[in-house]
């Protein structure tokens, strides 16, 4: 075998999105590795980490779809979690060790009274066991080594935070809709403290990431495939599906060609075509030539700027 042939990427070229229903007890990177091997794909990555304890939607991007991961991670997310009152844990979830206890169990009314301060634009301290970097090191690595981890509060956007169930005094169930980078473990910890108690997450499920919902999700066990037969490529969603939440802008073939050459086009040319939902001050649009996805463009300074264009439709 020649040196050149050794450099050929392993696996086959696979493009598109696979929406996995992640089981509890496995990390997101491990899920990527399992499905990458099953599909014998050259390239794969995930669209937003889920904690090992968590279940639910983990979007996996193959091939060219990996270029759209940052846009998927910007999308809105929905979670359901169970908050266990009475125990603080070092990881802020059931996988950690108990570090403090209390007998205080808030009433439903006390929980409802505390919820508004965790809605909208808030400041949030990430969990000590998180991927946030401190001096180049991951916080969870420092925490595992027993070092004291001090993290700064950071902005977070919580669009909805509702109490949806109260099975018993020790537990409360919530649903959250939020933007990028919001830690459910921090919300649970801080809400319990705001109610005069302590708490951690005992169960967590993600039910939406951008345009991807539970009905798209496929259980991991059904994707492991066999030695001889990889899972069907029909399970994959098209690359552009990940961007369905981004407003579409119709372009002609001539305009598409100019965008592909890196030209910014005047929005005057698109009078009457720019979707109302698009933000003229830096918003993204999906450029579509008929049913063909051309790529992503940004509206700025009265111009349409090509941002991420794709060779295939």
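Coordinate-derived values only; no laboratory data. Not measured: the values here are computed from a predicted model. Please note: Cβ atoms are built from the backbone with ideal geometry, for glycine as well, and neighbour counts cover all protein chains shown.
Relative to the longest principal axis of the C-alpha atoms of the chain, give the angle of the C-alpha long axis of helix 184-194, reported between 0 and 90° and rounded to the nearest 10°.
Around 30 degrees separate the two axes.
Taking a ≥ b ≥ c as the square roots of the Cα gyration tensor eigenvalues, with a/c under 1.5 meaning rounded and otherwise prolate when a/b beats b/c, else oblate, which class fits the range 77-206?
oblate
With springs connecting C-alpha atoms under 10 Å apart, model the chain as a Gaussian network and identify which of 154, 205, 286 has the largest mean-square fluctuation.
Evaluated over the chain, the most mobile residue of the options is 154.
Set the Förster radius R0 to 45 Å, insert the Cβ-Cβ distance between residue 268 and residue 123 as r into 1/(1 + (r/R0)^6), and round the FRET efficiency to 0.05.
Efficiency computed from Cβ-Cβ geometry: 0.60.
Taking the simple approach of a point 7 Å from Cα along Cα-to-Cβ for both residue 163 and residue 292, what is their distance in nm?
For the pair residue 163/residue 292, the computed spacing is 5.6 nm.
Report, in whole Å, the centroid distance computed from the Cα atoms of the range 239-281 and the range 185-215.
Taking the Cα centre of the range 185-215 as reference, the centre of the range 239-281 is 37 Å away.
Counting only helical runs of four or more DSSP H residues, what would the 222 nm mean residue ellipticity of the chain come to if each run contributes -39,500 (n - 2.57) and the total is spread over all its residues?
Computed mean residue ellipticity for the chain: -4500 deg cm²/dmol.
In the chain, if every C-alpha pair distance is counted and binned at 20 Å from zero, what percent goes to each bin?
Distribution as computed: 28, 51, 20, 1 percent.
At a Förster distance of 30 Å, what's the computed FRET efficiency of residue 218 paired with residue 140, Cβ-Cβ distance as r, to 0.05?
Computed FRET efficiency for residue 218 and residue 140: 0.60.
Round to a whole angstrom and tell me the spacing of the C-alpha centers of the range 11-86 and the range 126-140.
21
Under the classification rounded if a/c is under 1.5, otherwise prolate if a/b is larger than b/c and oblate if not, where does the range 246-309 fall, given a ≥ b ≥ c as square roots of the Cα gyration tensor eigenvalues?
rounded
Expressed as an acute angle from 0 to 90° and rounded to the nearest 10, what is the orientation of the C-alpha long axis of helix 28-39 relative to the principal long axis of the chain?
So the inclination is approximately 40 degrees.
Of the candidates 285, 251, 35, which one comes out as most mobile in a Gaussian network treatment of the chain with C-alpha springs shorter than 10 Å?
251
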